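*Asks:* This is the structure I have questions about; it appears just below.
The values are calculated or read from the model by the stated rules, or taken from the named source; none is laboratory data. All of these numbers come straight from a predicted model, not from anything done at the bench. Using ideal geometry, Cβ is built from the backbone for each residue, glycine included, and neighbour counts are taken over all protein chains shown. Remember, those area values only see protein heavy atoms, side chains included, never the ligands or the DNA or RNA. Shrake-Rupley method; radii C 1.70, N 1.55, O 1.52, S 1.80 Å.
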2 protein chains.
Amino acid sequence: MEPIMHHVWLRVFQRLQRASLFLRKSHSGCAEQATVLASIHSRRIRPTLPVSRLYQPLNLRDVGLQGEMTCKSQRLMQQAGLIHPSSPGCYYYLPAMVRSMEKLVRVIDQEMQAIGGQKLDMPSLCSANLWKTSERWDLMGNELFRLKDRHGVDYCLGPTHEEAVTTLVAHQATLSYRQLPLLLYQITRKFRDEPRPKFGLLRGREFYMKDMYSFDVSEEAAHQTYESVCQAYTRLFSRLGLCCIQVQADTGNIGGKLSHEFQLPADIGEDQLLVCGNCSFSANVETMSSDRTDCPQCKTGTLVATKGIEVGHTFYLGKRYSHVFNATFSSSQNKPSIAEMGCYGLGVTRILAAAIEMMSTEEGICWPGLLAPYQVCVLPPKIGSKVDKAAVLVEDLVHNLGETLPNLRGEVVLDDRTQMTIGKRLKDASKLGYPYVIVVGQHALEETPRFEVICQQMGETMFLSKDGLLDLLRRIETV
Amino acid sequence: MEPIMHHVWLRVFQRLQRASLFLRKSHSGCAEQATVLASIHSRRIRPTLPVSRLYQPLNLRDVGLQGEMTCKSQRLMQQAGLIHPSSPGCYYYLPAMVRSMEKLVRVIDQEMQAIGGQKLDMPSLCSANLWKTSERWDLMGNELFRLKDRHGVDYCLGPTHEEAVTTLVAHQATLSYRQLPLLLYQITRKFRDEPRPKFGLLRGREFYMKDMYSFDVSEEAAHQTYESVCQAYTRLFSRLGLCCIQVQADTGNIGGKLSHEFQLPADIGEDQLLVCGNCSFSANVETMSSDRTDCPQCKTGTLVATKGIEVGHTFYLGKRYSHVFNATFSSSQNKPSIAEMGCYGLGVTRILAAAIEMMSTEEGICWPGLLAPYQVCVLPPKIGSKVDKAAVLVEDLVHNLGETLPNLRGEVVLDDRTQMTIGKRLKDASKLGYPYVIVVGQHALEETPRFEVICQQMGETMFLSKDGLLDLLRRIETV
């Protein structure tokens with residue numbers, strides 16, 4: 001900046017409504033500044049959200065559905081205003097869906113980082129040269145979305161990133177065996193030109209996936225890493241309350257020697273599984289003869305066929321990619337060695353749809369508790385009803401929930417559509433699947449006010465005092 | 001599921017290592033379940049990260065740079081292992097960068113939601129038909145990345161989403177004037193086939209942008225919404241400590257009647273600005289004659305020319321898109337009316353690069369405090385040095401920081417490369433720009449141990465007891 005302009009800048013600065021760090025630098029010390037900053041934070045508490053302002057169908061019973069409904073989760077998710085169809089296999093994720101997805105992303109982050117995963121973010125535009133080097137440019141056929149830039153250079157939209165991550169690691173000249181295992185992952189949009197997109201988010205063309213890639217010093221170390229990722233996946237699904245089966249799987253066009261799928265059992269599942277009733281064996285039917293009924297592991301059990309939705313996939317890749325892209329590390333003998341790789345996918349949008357498919361009834365969504373868009377919905381009485389007077393308690397209650405329970409910050413909505421009966425609003429609430437619905441009704445007018453709490457997943461209804469209610473809600477796990 | 005398979009499923013369930021919600025449903029009540037879930041959470045505390053395990057250059061002084069360095073932020077970001085070049089204008093965002101970006105996204109979420117913004121997520125694959133309807137399919141020329149799917153249908157990769165969001169809102173048949181203003185935003189990857197990508201993340205082809213769209217009942221209401229978004233932008237930049245100027249701007253090919261840019265002053269800025277030294281007037285030179293020196297607003301001030309990096313842009317669109325896509329709401333007279341729109345962009349990756357460009361020296365990065373990848377770096381003494389004994393204090397200190405200061409959870413790294421001198425590691429730390437560096441050196445061996453704290457942004461060094469240190473660090477704002 002030239003000296004002549006300083007007087008101009010001075011005025012420009014003054015026009016900024018709040019003091020910025022830039023200004024504070026000159027007249028406050030380090031400790032003072034930290035205090036000022038911390039105090040700003042308290043302003044940012046999000047108020048309780050009124051249902052009437054949420055971008056979702058105001059009255060779920062009247063929603064018309066566009067397009068062919070090929071499964072329950074697709075229908076429920078469109079009806080509840082979670083998704084809206086765009087092009088075939090492409091969806092808008094609406095606000096409640098984004099909340100659930102962000103929660104799932106946080107759970108995935110926690111579990112991946114707990115085993116040492118480091119999160120990065122790779123471009124969607126992948127150079128054709130990289131994919132030609134791995135020979136997948138031809139191998140992927142029509143599933144790859146391809147495009148040219150203004151200079152005529154070929155790209156594809158990444159459906160997976162083995163090529164991209166391996167070439168990245170190959171460029172780090174200083175990678176040492178001490179830094180391995182190296183686990184890099186991303187949670188980003190992926191693209192796959194499915195011939196027949198269907199089942200809503202279960203088979204789309206644009207979707208979110210978590211893809212992790214591991215780099216190890218030896219085959220043995222790579223197997224240990226592989227096992228630790230499988231355990232993290234099991235913990236993840238367990239935290240979500242989803243019953244997931246790990247089955248042996250085909251390696252497909254990713255290549256490699258060892259592979260498992262994580263399958264959620266569901267009638268509309270597109271994968272045929274064989275599960276042993278006697279031992280731990282289970283497999284995708286692709287890996288064996290489909291009419292086989294004896295278990296190859298325990299020899300005594302009988303294999304039973306079932307269907308599953310694939311929500312995760314793990315591959316031990318060996319040196320398939322690291323060899324081609326020359327991804328080396330410097331060994332303990334200080335010599336360059338080719339890394340052993342694995343790759344590990346989780347379908348983020350697919351997990352949400354599959355969970356809804358598995359857990360919900362035909363009438364309404366039931367979420368894995370941790371992933372519900374909002375944990376609590378408060379229903380005040382209908383205006384003009386006998387219990388109208390109880391409405392005065394609502395404001396105080398909602399304020400208390402938002403302010404005193406840190407786990408519920410931003411998790412409480414108020415169904416302020418008080419021109420509607422409690423019954424009608426309860427029906428909407430059960431369609432959207434709030435884990436806890438609090439009705440402020442006739443019991444709130446008793447000498448010691450009590451609130452009706454409907455706990456969706458347990459199918460229980462309880463009548464609790466305000467303290468009892470706070471005590472219950474304080475223990476809800478949120479992420 | 002068929003009854004015959006129940007015995008198989010029973011065994012499958014038993015193989016899941018932890019009890020799932022599915023099982024718990026049958027034998028535990030609602031309150032019990034909440035307790036079980038809450039207790040799981042405490043396991044997930046992330047340990048302090050050792051620098052030797054981070055995916056970043058081990059020794060920053062020796063990093064070779066690929067490609068042409070066109071500006072300071074690009075060079076510093078590549079040297080520090082924040083980004084790595086992929087194709088022209090496309091970058092890998094490496095782990096430290098992802099942390100900063102996630103922080104910036106949280107700040108943006110807070111500010112957008114504070115003014116009623118609701119977050120959604122729209123597909124990157126945008127149907128050509130939508131863009132032909134708005135006539136931008138031709139208007140955008142070579143800047144649009146275009147592709148065909150396997151059926152020969154035309155798509156573009158969304159550089160912005162006026163068409164997509166307006167058609168979404170048009171499909172909501174029940175939108176009432178009571179729900180307006182409606183503010184929908186997303187923070188997603190955008191694509192623009194720049195003829196000459198340069199300046200690292202400042203002019204890329206694939207980048208992250210926050211784009212918000214507003215729908216209002218009238219021109220007057222739309223202007224109020226426009227103003228409230230501009231104020232939110234000013235608050236946002238103020239919280240980041242960035243001096244941002246709001247200037248009147250050209251509307252470009254987005255269309256509309258009123259537009260402002262948010263500009264960060266920088267020598268490498270590609271926008272020419274005229275700023276009045278006397279009143280609040282400032283403008284992009286595109287909106288007026290570039291040799292004008294008298295201020296059109298106050299008439300007495302002199303306009304001074306400067307350069308800026310555009311980090312935000314607001315447009316009042318009127319009915320340009322809502323008319324074409326028939327985005328209506330039902331008015332207070334219960335009649336369908338065309339909504340008044342606005343759109344508001346913020347360059348997410350660009351803000352990070354511009355902040356580094358503005359705040360850093362040639363030698364090292366200085367972050368907006370809130371956005372630093374990690375807040376604190378702890379340096380233990382060199383092995384075999386005179387003060388080697390102080391190392392025993394480090395473990396206790398690091399444990400204390402991580403456990404007792406909730407604001408610093410996951411924010412503390414330990415530079416465990418104790419084969420290097422403190423001086424060399426301090427140099428690395430100043431390149432990466434940790435806001436607080438704690439040296440455990442000779443003062444830690446005094447009767448009352450003291451720690452050396454280097455507060456980067458203030459340029460201050462302090463010697464504090466453990467309690468004094470905790471007291472200082474407790475007040476760091478994190479997001």
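*Asks:* Can you say whether B:Lys148 is open to solvent by 10 Å² or more (accessible area, probe 1.4 Å), charged (D, E, K, R) and modelled with pLDDT of 95 or more, as far as the supplied structure shows?
*Replies:* So B:Lys148 fits the description; yes.
*Asks:* Something else: I want to confirm something. Restricting to segment A:443-468 and keeping residues that are outside any strand (DSSP E or B) and of a type in the set (Asp, Glu), which single residue is nearest to the other protein chains (Cβ to nearest Cβ)?
*Replies:* That would be A:Asp467.
*Asks:* If the requirement is being under 30 Å from A:Tyr321 (Cα atoms), of a type outside the set (Lys, Arg) and out of contact with any Pro (no Cβ under 6 Å at 6 or more places or on another chain), which of these qualifies: A:Asp267, A:Asp193, A:Asp216?
*Replies:* None of the others qualify; the one that does is A:Asp193.
*Asks:* Scan segment A:388-398 residue by residue and report those that are surrounded by fewer than 17 Cβ atoms within 10 Å (Cβ to Cβ) and either in contact (Cβ under 8 Å) with a residue 40 or more places away in the chain or in a loop (DSSP other than H, G, I, E, B) (or both).
*Replies:* A:Lys389, A:Ala391
*Asks:* Here's a follow-up. Would you check if A:Val413 is touching an Asp or Glu at 6+ places or on another chain (Cβ under 7 Å), touching a residue at least 12 places away in the same chain (Cβ under 8 Å) and crowded, with 22+ Cβ neighbours inside 10 Å?
*Replies:* No.
*Asks:* Also: Quick one: in segment A:73-108, of everything that is among the charged types (D, E, K, R) and at pLDDT 95 or above, which residue is least open to solvent (accessible area, probe 1.4 Å)?
*Replies:* Within segment A:73-108, the match that is least open to solvent (accessible area, probe 1.4 Å) is A:Lys103.
*Asks:* On to the next question. Spot the failing condition for B:Pro88; the list is (1) outside any helix (DSSP H, G or I); (2) within 9 Å of chain A (Cβ to nearest Cβ); (3) within 29 Å of A:Met101 (Cα to Cα); (4) touching an Asp or Glu at 6+ places or on another chain (Cβ under 9 Å), and only one is missed.
*Replies:* (3)
*Asks:* Hey, another quick one. Just checking, does segment B:281-295 include any residue being buried (at least 20 other Cβ atoms within 10 Å of the Cβ) and over 26 Å from B:Thr225 (Cβ atoms)?
*Replies:* So far as segment B:281-295 goes, yes, one or more of its residues are buried (at least 20 other Cβ atoms within 10 Å of the Cβ) and over 26 Å from B:Thr225 (Cβ atoms).
*Asks:* Are any residues in segment B:178-203 within 17 Å of the chain's Cα centre (by Cα), away from chain A (no Cβ under 13 Å) and within 18 Å of B:His313 (Cβ to Cβ), and if so, which ones?
*Replies:* Answer for segment B:178-203, where residues must be within 17 Å of the chain's Cα centre (by Cα), away from chain A (no Cβ under 13 Å) and within 18 Å of B:His313 (Cβ to Cβ): B:Leu202, B:Arg203.
*Asks:* Right, something else. Hey, among the residues in segment A:127-177 that are basic (Lys, Arg) and not in a loop (DSSP other than H, G, I, E, B), which one's nearest to the other protein chains (Cβ to nearest Cβ)?
*Replies:* Out of the qualifying residues, it is A:Arg146.
*Asks:* Would you confirm whether or not segment B:204-212 contains a residue that is without any contact (Cβ under 8 Å) to a residue 40 or more places away in the chain, of a type outside the set (Gly, Ala, Ser) and either touching a helix residue (DSSP H, G or I) at 6+ places or on another chain (Cβ under 9 Å) or at the interface with chain A (Cβ under 9 Å from one of its Cβ atoms) (or both)?
*Replies:* No, because not a single residue in segment B:204-212 is without any contact (Cβ under 8 Å) to a residue 40 or more places away in the chain, of a type outside the set (Gly, Ala, Ser) and either touching a helix residue (DSSP H, G or I) at 6+ places or on another chain (Cβ under 9 Å) or at the interface with chain A (Cβ under 9 Å from one of its Cβ atoms) (or both).
*Asks:* Return yes or no: is B:Leu317 open to solvent by less than 60 Å² (accessible area, probe 1.4 Å) and either of a type in the set (Asp, Glu) or free of Cβ contacts under 8 Å to residues at least 60 places away in the same chain (or both)?
*Replies:* So B:Leu317 does not fit the description; no.
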